[in-house]
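To start, the structure under review is shown below, and the notes come after it.
The values are calculated or read from the model by the stated rules, or taken from the named source; none is laboratory data. Keep in mind it's a predicted model, so treat the numbers as computed, not measured. Positions of Cβ are backbone-derived with ideal geometry, glycine not excepted, and every protein chain shown enters the neighbour counts.
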C-alpha cells in the first residue's frame, strides 16, 4: 500500500555528480566524484539539516534529484520510503506486511533501493522475503511486483534476501545465488545463471579489455558472468561454512578483491582472459558487512572492528586504527567518509601514511550503526539500525 504526502513536487533528475542512486553509487565502487565539499567540521560539529525515522533496518540511502530512498520495518510492516532531501519530509511510503527477520541482529530490510531516473523514474527494491518491487519514483505506486522464489526459481537464504538490485543500462541485476538479469521496464527475466548457492551480496558490472562483465559473490565465491548471455566466464571458490558472503566485490581494472568475516579474510584475484589468478591472500581484511574501497593503489576497509589500509599490490598493512567498531565507509575527493558502529561521523584523508581524521562528530545515538554513509549534493546522509536518518551539511 502506498501512502503519499501529496505536498512535495519531487524532481527525479537525470543522474549527475551529486546523485548516488543505487548501492555503492553509479559505478558500484563506493566512490563519489563529488568535489568542493568541506572535510572539516566547525567548532560544535557540522550542521544537522534534518532528522527522520524510517523504521528498523540496514538499508542504505539512494539519492536522485531531491528524492532520498531507503526502507525500514515497524509494527509488522516494511516500508519503502521516499524523503525530500531538502527537509526530510516523507514524500511517500509504500508499505507491505513482513516479518522482522531479526535472526541474530535487529532485523528489518537490508537491500538498498536502486533509482532509475528515466521518464517516469522508477525505484527497485528487494524485500527480505524475495519480493522485487518496481515503484514510481515520484508517487510510490507499483508498476509491478515479482517474487524471486516463485517466478525465478531461486532459494531464499537463511537471513532473508539482503543484496541490492543494480541497474546497468536496460537491465536490473540481482545476485540471488543464481545471478538474475531482469528487464528493468517489463520485469521479464532475460536470463539466470547457474546456481552458486545462496547470496547476500550485490553484483557489480565492470569493463576489462573492452568486455562488459558482471562480478558476483554468492556462497561459492567470486563468479564472473557474461551480461549478454549469463554464461560463466570464470569463478574462484571462496566460501564459508556458514554460507555468508556479504561484501560486494571490489574492482580495480582487471583485479578483483573479495572478503568475508569469521577470520576467512580476503583475496585479490586477477582476471586474465577467462581465468582468475590469485595475487595474494590475507587474514588482515575480514569484511563483516562493510565493503572496502580502493583509492590510489590502496585498499581501505574494516577488518571486523579495525579499520585498515592495505597496499593493493602486495596486501601489506599500511596502518590500522582501532576504536571505531564494525563501521562502514565510502570515499570522495581523496577522503574517506566513515561511520563508526557507535554513530560517529569521521572524515579522514585516504592516505597510506597514517589514519588522519580532519573532522569527527557524534551524529547518531544509541549505537548499532552498520549502514554506509552517503555523500550527495554537499550533504552526508547517515542512518542507524533503529531507523534514524540524519542529514549533515558539508557544503563549504
Scope segment 86-115; condition farther than 19 Å from residue 149 by Cα, surrounded by fewer than 22 Cβ atoms within 10 Å (Cβ to Cβ) and at pLDDT 95 or above; matching residues: 86, 87, 88, 89, 90, 93, 95
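So which strands (runs of 3 or more DSSP E) stay within segment 105-152 end to end and still have 3 or more residues that are within 18 Å of residue 57 (Cβ to Cβ) and out of contact with any helix residue (DSSP H, G or I) (no Cβ under 9 Å at 6 or more places or on another chain)?
On the way: elements: 114-116, 122-126, 131-136, 142-147.
It comes to 122-126.
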Segment 171-180, residues that are in contact with a strand residue (DSSP E or B) (Cβ under 7 Å, 6 or more places away or on another chain) and either buried (at least 22 other Cβ atoms within 10 Å of the Cβ) or in a loop (DSSP other than H, G, I, E, B) (or both): 172, 173, 174, 175, 178, 179, 180
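For segment 30-92, which fully contained strands (runs of 3 or more DSSP E) count at least 1 residues that are over 17 Å from the mean Cα position of the chain (by Cα) and closer than 20 Å to residue 367 by Cβ?
Values: elements: 47-53, 62-64, 67-74, 77-84.
The strands (runs of 3 or more DSSP E) meeting that bar are 47-53, 67-74.
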Index of the failed condition, residue 212 passing every other in (1) exposed (fewer than 15 other Cβ atoms within 10 Å of the Cβ); (2) outside any strand (DSSP E or B); (3) in contact with a strand residue (DSSP E or B) (Cβ under 9 Å, 6 or more places away or on another chain): (2)
Unique residue being modelled with pLDDT of 95 or more and touching a helix residue (DSSP H, G or I) at 6+ places or on another chain (Cβ under 6 Å) when the list is 180, 185, 172: 180
Residue 307 under 22 Å from residue 70 (Cβ atoms) and assigned to a strand (DSSP E or B): no
Strands (runs of 3 or more DSSP E) contained in segment 243-292 and holding at least 3 residues surrounded by 24 or more Cβ atoms within 10 Å (Cβ to Cβ) and over 16 Å from the mean Cα position of the chain (by Cα): 265-272
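Working only within segment 188-209, note down all residues that are part of a loop (DSSP other than H, G, I, E, B) and buried (at least 17 other Cβ atoms within 10 Å of the Cβ).
Initial filter on segment 188-209 (part of a loop (DSSP other than H, G, I, E, B)): 188, 193-203, 209.
Within segment 188-209, 193, 196, 198, 199, 200, 201, 202, 203 meet the criteria.
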Checklist (1) surrounded by fewer than 22 Cβ atoms within 10 Å (Cβ to Cβ); (2) modelled with pLDDT of 95 or more; (3) part of a loop (DSSP other than H, G, I, E, B) applied to residue 365, failing item: (2)
Answer from 376, 348, 384, 356 - the residue that is more than 30 Å from residue 236 (Cα to Cα), surrounded by 21 or more Cβ atoms within 10 Å (Cβ to Cβ) and without any contact (Cβ under 8 Å) to a residue 24 or more places away in the chain: 348
Residues being in a loop (DSSP other than H, G, I, E, B), at pLDDT 95 or above and within 19 Å of the chain's Cα centre (by Cα) - total across segment 370-396: 8
Test: residue in segment 312-328 that is part of a strand (DSSP E or B) and either at positive phi or buried (at least 22 other Cβ atoms within 10 Å of the Cβ) (or both): yes
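Would you mind stating whether residue 150 is over 22 Å from residue 81 (Cβ atoms) and surrounded by fewer than 17 Cβ atoms within 10 Å (Cβ to Cβ)?
Working: over 22 Å from residue 81 (Cβ atoms): yes; surrounded by fewer than 17 Cβ atoms within 10 Å (Cβ to Cβ): yes.
Yes, satisfied.
For segment 190-204, name all the residues that are in contact with a strand residue (DSSP E or B) (Cβ under 7 Å, 6 or more places away or on another chain) and under 21 Å from residue 112 (Cα atoms).
Taking segment 190-204 as the starting set, the residues that turn out to be in contact with a strand residue (DSSP E or B) (Cβ under 7 Å, 6 or more places away or on another chain) are 190-196, 199, 201-204.
199, 201, 202, 203, 204, listed by residue number.
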